[in-house]
Amino acid sequence: MSTAQPSLTPIAIMALALLREDDMHPYEMMRLLRHRRDDRMVSVTNGTFYHTIARLQRAGLIDEVGSDRDGNRPERTTYTLLPAGAEAVREWLRAELPRVDHPIEFRVALAEAHNLERDEVIALLRERVAQLDADYAEHHTGLAAARADEVPEQYLIEVERQEALLAAETRWLHQIIDRLSGPGYAWGGDPKPHETVYRAQREAARS
């Protein structure tokens with residue numbers, strides 16, 4: 001498996017993925033993230049976001065393509081995604097989709113999984129299922145042993161919860177893998193298939 005660049009944070013991946021859609025300035029990017037409620041996964045603050053954009057440019061993943069000023073507003077610099085940036089997103093997704101110990105990163109990776117080919121996503125999610133199955137078996141065995149030793153239930157609440165969460169996620173992953181494997185599940189292609197809705201989002205983000 002390829003190793004993603006360790007310096008790329010979830011918010012950096014979200015910024016790069018936005019620039020896959022089109023060239024944008026940071027203000028519009030933040031507005032889009034908030035409009036789409038992507039900030040439910042990662043906190044989006046002005047300072048952190050602008051710092052992230054500067055780091056991505058220094059890393060050679062994005063570059064400036066122009067600037068404009070609307071009325072009395074500050075000048076805004078527009079950025080474009082470079083090929084290295086697009087590849088960095090794919091490498092990060094390949095590293096994070098199968099990992100079971102990075103819950104925040106996984107949520108972002110799942111949201112941006114459409115940047116990879118369908119078959120690759122299915123394979124990566126199957127890797128994740130295998131790890132979750134192993135974790136579930138470990139928790140289940142440990143819980144059974146604790147009960148056999150008559151450990152009071154009050155001390156097993158967290159273990160029970162984790163076993164239930166592992167079982168639930170595993171069931172969901174099997175379901176989404178089955179759906180992804182079917183021809184009726186749209187995947188990839190044009191990142192903005194609903195053009196009217198997409199343009200409305202962009203206009204709202206620019207205002």
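A compact table of results
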read-out	value
The chain - mean residue ellipticity at 222 nm from DSSP helices (-39,500 (n - 2.57) per run, n ≥ 4, rounded to 500)	-20000 deg cm²/dmol
Ranked by how many other beta carbons lie within 10 Å on average, peptides 52-64, 132-144 from highest	52-64, 132-144
Mean Cβ count within 10 Å, highest first, over the residues of peptides 19-26, 39-46	19-26, 39-46
Accessible area per residue, Å², the chain with all protein chains present, probe 1.4 Å	57
Assigned charges on the beta-carbon of Lys, Arg, Asp, Glu; the chain dipole about Cα centre (debye)	820
Given charges at Cβ of Lys, Arg, Asp, Glu: the chain dipole, positive-most of Ser67, Asn115, Ser181	Ser67
Portion, in percent, of the accessible area of segment 32-177 that falls on carbon or sulfur, probe 1.4 Å	50
Prolate/oblate/rounded label for the chain (Cα gyration tensor, a/c 1.5)	prolate
Charge dipole (debye, nearest 20) of segment 108-153; +1 at Cβ of Lys and Arg, -1 at Cβ of Asp and Glu	100
Residue (of Val151, Leu132, Leu19) at the positive-pole extreme of the chain, dipole from beta-carbon charges	Leu19
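The values are calculated or read from the model by the stated rules, or taken from the named source; none is laboratory data. The shown structure was predicted, so the numbers you read here are calculated from the model rather than taken from an experiment. Note that each Cβ is placed from the backbone with ideal geometry, even for glycine, and that neighbours are counted across all protein chains shown. For accessibility, only protein heavy atoms count, side chains too; no ligands or nucleic acids. Shrake-Rupley method; radii C 1.70, N 1.55, O 1.52, S 1.80 Å.
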